[in-house]
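Single-structure report; data block below.
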Amino acid sequence: MDLSALPEWTRLVFLAGVFALVVVTVLVVNAFATRRIALRERMESAVLGKSASGGPTSLRADSGPSGWSRLIDAIERRGISLADTNSDALRGRMIAAGYTSPYAPRWYTLIRLVMTLGMPAIMLAVMLSSAKPPSIFRLYLMSAILALLGLYLPNIWIRARADNRRRQIVNAFPDALDLMLVCVEAGLGLEAAFDRVGREMMISHPLLSEVLGTVVLELRAGRSREEALHRMADRVQIDEIQSFATLLIQSDKLGSSIGQTLRIYAAEMREKRKLRAEEKAHRLPVLLSIPLVACMLPVMIGVLMLPAGIRVMRQVLPIMTGTAH
């Protein structure tokens with residue numbers, strides 16, 4: 001591509017885009033390298049039994065702000081606020097989607113802002129640099145469409161990721177209840193049962209294992225059982241787990257048997273999973289009718305009608321036109 005043949009402002013826009021791409025690439029590589037170096041240093045400190053400051057260390061310790069976090073702090077120091085008006089709801093949606101970092105809501109706002117402004121700008125640069133510039137109405141229409149896409153695509157991504165995580169957790173939840181029932185009836189306490197089930201399901205169902213492991217860490221850190229279960233229900237935002245947390249809290253307050261509660265609720269969850277599978281199976285004929293009607297039915301009609309059409313062309317049409325011999 002010959003840049004000298006383009007107008008001056010087009011060259012400036014193109015070079016600015018290349019510069020922004022290089023800066024983003026450097027930041028991503030720097031953040032990845034910094035995280036790897038910090039992890040290696042913490043592992044070496046854990047092997048030696050102490051940190052660089054002389055105190056005890058843990059692999060769960062935070063490695064400090066990343067490159068993206070420093071970038072967000074720098075942007076906000078220059079007067080651009082990335083905080084959402086409904087920060088609590090946005091924070092809950094980000095946690096449900098798997099983004100648990102405190103900076104995640106501001107990353108989300110920054111990405112929406114960049115996409116809303118960047119996608120129309122790139123489109124304008126490409127269209128105006130063409131040999132035949134488009135009309136003002138077309139430029140306005142395309143810019144508005146791309147701005148709306150940039151505004152709503154991150155929201156759609158977060159919602160789809162959260163729904164996918166919820167579906168995986170719900171499908172794995174009956175198995176976890178069965179294992180938890182076995183642990184409780186074997187004599188383990190609720191905290192020990194959560195810990196054991198979380199470690200057992202680490203490979204088969206890592207998302208649910210992470211949820212249970214977080215509850216165990218909060219209980220060991222000193223939170224009450226009621227508060228830890230409430231926080232678990234708020235993080236995942238799943239009706240089944242919210243009902244499960246409520247049942248455990250009520251059983252704990254009323255002094256009823258947790259094993260009996262788990263047995264009844266596990267049976268209900270298995271029945272719900274069976275009903276969900278049956279519902280998907282019953283939807284298959286309706287879903288299969290769409291490609292059947294759109295693809296197979298025209299072909300079948302053509303194959304059945306082709307011999308009759310050939311006979312009409314050979315016998316009936318000559319008689320109607322008077323050219324039959």
Seminar exercise, completed: For the range 238-257, pairs from a residue that is more than 14 Å from residue 228 (Cα to Cα) and without any contact (Cβ under 8 Å) to a residue 12 or more places away in the chain to a residue that is open to solvent by less than 60 Å² (accessible area, probe 1.4 Å) and part of a helix (DSSP H, G or I), with Cβ under 6 Å and 6 or more apart or across chains, are 251/258; 251/261
Exercise. What number of residues within the range 85-119 are over 19 Å from residue 161 (Cβ atoms) and open to solvent by less than 80 Å² (accessible area, probe 1.4 Å)?
Worked result: 5
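Looking only at helices (runs of 4 or more DSSP H) that fall completely inside the range 212-325, which ones have 3 or more residues that are open to solvent by 50 Å² or more (accessible area, probe 1.4 Å), among the acidic types (Asp, Glu) and under 22 Å from residue 96 (Cβ atoms)?
Details: elements: 225-236, 239-254, 258-291, 297-311, 317-321.
Helices (runs of 4 or more DSSP H) meeting the threshold: 225-236.
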Exercise. List, please: which pairs have Cβ atoms under 7 Å, are six or more places apart or on different chains, and start with a residue in the range 129-143 that is under 17 Å from residue 119 (Cα atoms) and end with one that is part of a loop (DSSP other than H, G, I, E, B) and open to solvent by less than 100 Å² (accessible area, probe 1.4 Å)?
Worked result: 129/6
Exercise. Condition test on residue 316, is it over 44 Å from the mean Cα position of the chain (by Cα) and among the β-branched types (Val, Ile, Thr)?
Worked result: yes
Problem set entry | Answer residue from the range 158-206, given it is aliphatic (A, V, I, L, M) and closer than 21 Å to residue 277 by Cα and is surrounded by the most Cβ atoms within 10 Å (Cβ to Cβ) among those | 176
Problem set entry | Matching residues in the range 167-224 - criterion: being farther than 18 Å from residue 235 by Cα, in contact with a Lys or Arg (Cβ under 8 Å, 6 or more places away or on another chain) and without any contact (Cβ under 8 Å) to a residue 12 or more places away in the chain | 188
Exercise. Of a type in the set (Gly, Ala, Ser), at pLDDT 65 or above and more than 24 Å from the chain's Cα centre (by Cα): does that describe residue 104?
Worked result: no
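The values are calculated or read from the model by the stated rules, or taken from the named source; none is laboratory data. None of these values were measured; they are calculated from a predicted model. Cβ sites come from the backbone with ideal geometry, for glycine too, and all protein chains shown count toward neighbours. Side chains included, ligands, DNA and RNA excluded: accessible areas come from the protein's heavy atoms. Shrake-Rupley method; radii C 1.70, N 1.55, O 1.52, S 1.80 Å.
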